[in-house]
Amino acid sequence: MTKGIVKAIIENLVQVEVSGPVSQNEICYIDLGGVKLMAEVIKVLGNIAYTQVFESTRGLKTGNTVEFTEKMLEVKLGPGMLAKNYDGLQNDLNKMNGVFLTRGEYTDPLDEDSSWEFTPIAKTGDKVSAGEWLGSVPESWISHKIMVPFGLVGEYTVKKMVEKGRYKLTDTIAVLTDEEGKDIAVNMIQYWPVKIPIKSYTEKPRPFRIMETGVRTMDTLNPMAEGGTGFIPGPFGAGKTVLQHSISKNADADLIIMAACGERANEVVELFVEFPKLDDPRTGRKLIERTIIICNTSNMPVAAREASVYTAMTIGEYYRNMGLKVLLLADSTSRWAQALREMSNRMEELPGPDAFPMDLPAIISSFYARAGFVYLKGGETGSITFIGTVSPAGGNLKEPVTESTKKAARCFYALSQERADSKRYPAVDPIDSYSKYLEYPEVIEYLNENINPHWVQDVIKTKDILLRGREAQDQINILGDDGVPLTYHDRYWKSELIDRVILQQDGFDPVDQSTPMKRQEYMLELILSICDTDFVHENFEKVMPFFVKLVNICKQMNYVEIDTEEFKQYEKELHKEVEERSAK
Amino acid sequence: MATQAFQKIYTKLNQITKATCSVRASGVGNEELATVAGRLAQVVKIVDDNVTLQIFAGTEGIGTDAEVIFFGKAPTLKVGPALAGRFFNAYGDPIDGGPEVEGTEVEIGGPSVNPVRRKQPSELITTGIAGIDLNNTLVTGQKIPFFADPDQPYNEVMALVALRAESDKIILGGMGLSNDDYLFFKHSFENAGVIDRMISFVNTTEDPTVERLLVPNMALSAAEYFASEHNEKVLVLLTDMTLYCDALSIVSNRMDQIPSKDSMPGSLYSDLAKIYEKAVQFPDGGSITIIAVTTLSGGDITHAIPDNTGYITEGQLFLKRDTDISKTIVDPFRSLSRLKQLVIGTKTREDHPQVMNTSIRLYADAANSKTKMENGFDLSDYDERVLDFAKEYSDKILAIDVNIDTEAMLDITWELFQRYFERAEVGIKDEFMKIYWKKA
């Protein structure tokens, strides 16, 4: 194994003089008086390896020794990852001692002593290749597949499978023979380098199904596809994290991976505290049981922040290969980009826009490309839906991270400061935001088939009403209330009705926080029928109170369950009000 | 700090800039402390045997033959109960004429708390200021800055908050504090009789700029001692973080780093996060709450300093001059406390969230009506009412001279709702309307 000695230290960039071969992205450990600091090679120049250290370098001296591992940064995959809280390098945070983090403490991501009830899927004599299922173990409510290691190239024959029964993680459960007759023992653990996508599937088609999130402004107006990509840019205080949390609570996914990347520790604590209490409406279990949290909070070492998103994505790919619907949320990808910037700066690379590295757009787009809907080798399907947040500097969307992400992601949920200031939550701007999936013929077909035959048409109509409402509002602001025709007020308030009843949603109300698609359809059709009604208003002063009354009734409807007497009562009241004002 | 036996002394500087110098030396650790011609310095870069030091007091008058003495350790602070009631400079040396503090020596800027060991902040901090308690409720373990223009009374308001909030220790980290403001803090805490639970680390405008880089970590190490070892509720006041960032940019500039937005170092976000994330609720009841000041230039929050701060802190408080009532108010639109959701409606009366949202919505309507009025359009009856509401709301709730408890704030707001509005215009859940809406 190659060894080296420290030659230079510039914050967390450490130059190491090496005595043998090293490779790009190889992991090494720097010895600091018995404490091993993990670092990754990011550049090699002659016999000097530039490494980024995943820990604080305080006290490090030139002359300290370094050991290289011949491995890239990798994750350890196997049953037992659900409900775990990892740091960016997949250390199990719960296994660490003490209140404060200790430098150089690395913990096992899996519980090696644990045993699992294994049921074989493959039989002796089967021909298998990387990613195919050998057997399964129940992990929480998921049937966790034990797969042919992704690193095995070519075709293998199953020589031996163990009987159904309880086995430890490290027990051999199968023996495979390669084409040259060499035997390979397989247990429930496998390793994979995080920066390389797992591609053990047969096909990656265009997404065609919708991933329900329970958030109306997304599901109704700009739906996210299963296996799709989206991003949420917004200035601070616009509600990015709250929106991501409500998606994570209600989304129609088998597994949620939250990558808290360089964000506030208290927000992660909120997940730790809330998720074990919240019920998962789909399984009846607790939300935490379908969640994996990868957290590298803003005060944790910067280099590990960059690694954290890759760690999360790789774990997602592993579960996708079991035929699961994985939802990956990263908050925030800007912090990841900033980590890249800090490093590029220390390496004295020529900077790109805003001092970010020149290859930032390429890095972002190849990361987003790892999401997607796939057909597995056994014919099953699996998906990773990825939604990242972006924290643009100064709230200005013309900055490198937002612009690079816009090129890579298919859905854009723009959070607006103006909406946030007037407490219109979620503050997703209905006019600036878009979902490219709404243009996919296969998605249109899916929506019209599964919701109702004129759904997409209705959604587009809703968007038009919102746009016309905004134009009317602009005119009213320029010309004054009495300077515009009465229809402008009517038009503006109809868009307000949609905004306040459909788009705004109380994330803290037990009923309103998540709306099933059926209910979204019901409410949209109801509101559109009001928008289609011709009203007779005496004068412009009468317009607002009337619509405010309608909004108020509809809001009360939003707060109660749909199949209750109360709901019907409010609905009756609503129809009465509409009836009174409508043109006969 | 005195020299000790067996310390190596170097006397050949090969580079001197305004804030740094370099010397050939061996066996030196990263971030190690040293003195250069008697001035404190810290190692910031090591390339082979060439060590670059940042000299806190500046390099004026330093010669190439200056003595460099390495201490073999990072900057430290001696922590112990005796810290209470004392005033220190940025190095942790007493400036009040008192004796050196006895205690355990700890490195400042130490490791962070394991996120899974943190507790969720859940204890309300009441200040009596309705603009804070009602609309932007603070919680222990929170970090929140005042975003203020230099002409606003931010230090006064911060002192007021510190004195009214219940806490076991108040730690002041003053960076580039003017001597007048330093004396103001000293006197207000003395007059309030809290000086014995007060600890100050002060770098005034008279002290060298780069020194202030040590202040936040000194203050926070002291805070960690009291919160973690004695389970105390500690309030840390940091003023002014903008001046701290200016010092960061000076150092990074001297080290030839490529500046990012607004000439700030590319690592500004991480640098600030390391400080603010020290705010924590410990499992055993202790907590560190940080209230900071970030001065703005012309109210511009898109500048890199307030912008990065906003992404780290749990909200921000804005002060504003309300000319209608001639008072300073807590701006209800731009201020935000992210952690308020953890306490409002549960630790306070259950109608709190709805009352808060409704009053702010109505206040926003008033702002629209005001624009209408200023543009010379006719005002509707609703416009008139909402404007009157806003004025009274501003005076009775938002003004910083208000000092009442939360129940009273809610009751006053309900009173105002009923005075100016109809049932439908308020739009609060029926269950609360039944209890608090007395009007027909």
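Numbers below:
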| quantity | calculated |
| --- | --- |
| Region B:109-134, residues that are surrounded by 17 or more Cβ atoms within 10 Å (Cβ to Cβ) and within 11 Å of another protein chain (Cβ to nearest Cβ) | B:109, B:110, B:111, B:112, B:113, B:114, B:115, B:116, B:117, B:118, B:119, B:121 |
| Qualifying residue in region A:312-322 (condition: β-branched (Val, Ile, Thr), assigned to a helix (DSSP H, G or I) and over 22 Å from residue A:400 (Cα atoms)) | yes |
| Residue count for region B:349-364, restricted to those that are closer than 17 Å to residue B:423 by Cα and at the interface with chain A (Cβ under 9 Å from one of its Cβ atoms) | 3 |
| Set B:31, B:60: member being outside the structural domain of residue B:109 (by TED's automatic domain parsing) and within 28 Å of the chain's Cα centre (by Cα) | B:31 |
| Single match in B:344, B:435, B:397 (criterion: among the aliphatic types (A, V, I, L, M), farther than 30 Å from residue A:476 by Cα, surrounded by 15 or more Cβ atoms within 10 Å (Cβ to Cβ) and more than 14 Å from chain A (Cβ to nearest Cβ)) | B:397 |
| Selection within region A:365-396 - within 14 Å of chain B (Cβ to nearest Cβ) and among the hydrophobic types (A, V, I, L, M, F, W, C) | A:390, A:393 |
| Boolean, residue B:190 is assigned to a helix (DSSP H, G or I), among the charged types (D, E, K, R) and in contact with a Phe, Trp or Tyr (Cβ under 8 Å, 6 or more places away or on another chain) | no |
| Verdict on residue A:428 being in contact with a strand residue (DSSP E or B) (Cβ under 9 Å, 6 or more places away or on another chain), surrounded by 18 or more Cβ atoms within 10 Å (Cβ to Cβ) and β-branched (Val, Ile, Thr) | yes |
| Test for residue A:39: is it under 30 Å from residue B:24 (Cα atoms), crowded, with 21+ Cβ neighbours inside 10 Å, outside the structural domain of residue A:298 (by TED's automatic domain parsing) and out of contact with any Lys or Arg (no Cβ under 7 Å at 6 or more places or on another chain) | yes |
| Out of B:35, B:52, B:20, B:59, sole residue that is of a type outside the set (Asp, Glu), farther than 23 Å from residue A:33 by Cβ, within 14 Å of chain A (Cβ to nearest Cβ) and crowded, with 19+ Cβ neighbours inside 10 Å | B:20 |
| Filtered residues of region A:434-460 (kept if in a loop (DSSP other than H, G, I, E, B) and crowded, with 20+ Cβ neighbours inside 10 Å) | A:451 |
| Strands (runs of 3 or more DSSP E) wholly inside region B:228-326 that include at least 3 residues being more than 13 Å from chain A (Cβ to nearest Cβ), in contact (Cβ under 8 Å) with a residue 12 or more places away in the chain and aliphatic (A, V, I, L, M) | B:233-239, B:287-295 |
| Index of the failed condition, residue B:386 passing every other in (1) outside any loop (DSSP other than H, G, I, E, B); (2) touching a residue at least 60 places away in the same chain (Cβ under 8 Å) | (2) |
| Filter result (surrounded by 15 or more Cβ atoms within 10 Å (Cβ to Cβ), within 7 Å of chain B (Cβ to nearest Cβ) and not in a loop (DSSP other than H, G, I, E, B)) within region A:86-99 | A:93 |
| Whichever residue in region A:529-549 is surrounded by fewer than 15 Cβ atoms within 10 Å (Cβ to Cβ) and outside any helix (DSSP H, G or I) and, among such residues, is nearest to the other protein chains (Cβ to nearest Cβ) | A:539 |
| Any chance residue B:64 is in contact with a helix residue (DSSP H, G or I) (Cβ under 9 Å, 6 or more places away or on another chain) and of a type in the set (Ser, Thr, Tyr) | no |
| Region B:339-360, residues that are outside any loop (DSSP other than H, G, I, E, B) and in contact (Cβ under 8 Å) with a residue 40 or more places away in the chain | B:339, B:340, B:342, B:352, B:354, B:355, B:356, B:358, B:359, B:360 |
| Number of the condition not met by residue B:379 [criteria: (1) in a helix (DSSP H, G or I); (2) more than 8 Å from chain A (Cβ to nearest Cβ); (3) out of contact with any Pro (no Cβ under 9 Å at 6 or more places or on another chain)] | (1) |
| Unmet requirement for residue B:424, which otherwise passes all of (1) crowded, with 16+ Cβ neighbours inside 10 Å; (2) out of contact with any Ser or Thr (no Cβ under 9 Å at 6 or more places or on another chain); (3) of a type in the set (A, V, I, L, M, F, W, C) | (1) |
| Residue B:213 being assigned by TED's automatic domain parsing to the domain that holds residue B:147, part of a helix (DSSP H, G or I) and surrounded by fewer than 24 Cβ atoms within 10 Å (Cβ to Cβ) | yes |
| Only one of B:106, B:79 that is surrounded by fewer than 24 Cβ atoms within 10 Å (Cβ to Cβ), of a type in the set (A, V, I, L, M), in contact (Cβ under 8 Å) with a residue 60 or more places away in the chain and away from chain A (no Cβ under 14 Å) | B:79 |
| Spans of strands (runs of 3 or more DSSP E) in region B:1-103 with at least 2 residues of a type outside the set (A, V, I, L, M, F, W, C) and in contact with a strand residue (DSSP E or B) (Cβ under 8 Å, 6 or more places away or on another chain) | B:13-16, B:20-24, B:39-47, B:50-55, B:76-79 |
| Only listed residue being closer than 16 Å to residue B:424 by Cβ and either of a type outside the set (Lys, Arg) or more than 13 Å from chain B (Cβ to nearest Cβ) (or both), chosen from A:520, A:504, A:513, A:556 | A:556 |
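Let's see how each residue does on (1) in the same structural domain as residue A:507 (by TED's automatic domain parsing); (2) buried (at least 20 other Cβ atoms within 10 Å of the Cβ); (3) over 15 Å from residue A:384 (Cβ atoms):
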| site | (1), (2), (3) |
| --- | --- |
| A:162 | no, no, yes |
| A:168 | no, no, yes |
| A:219 | no, yes, yes |
| A:224 | no, yes, no |
| A:238 | no, yes, yes |
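Residues are listed down the side, and each one gets a yes or a no for (1) of a type in the set (Phe, Trp, Tyr); (2) closer than 30 Å to residue A:318 by Cβ:
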{"site": "A:354", "(1), (2)": "no, no"}
{"site": "A:357", "(1), (2)": "no, yes"}
{"site": "A:368", "(1), (2)": "yes, yes"}
{"site": "A:392", "(1), (2)": "no, no"}
{"site": "A:395", "(1), (2)": "no, no"}
{"site": "A:400", "(1), (2)": "no, no"}
{"site": "A:404", "(1), (2)": "no, yes"}
{"site": "A:407", "(1), (2)": "no, yes"}
{"site": "A:412", "(1), (2)": "yes, yes"}
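The values are calculated or read from the model by the stated rules, or taken from the named source; none is laboratory data. None of these values were measured; they are calculated from a predicted model. Ideal geometry is used to build each Cβ from the backbone, glycine not excepted, and the neighbour counts take in all protein chains shown.
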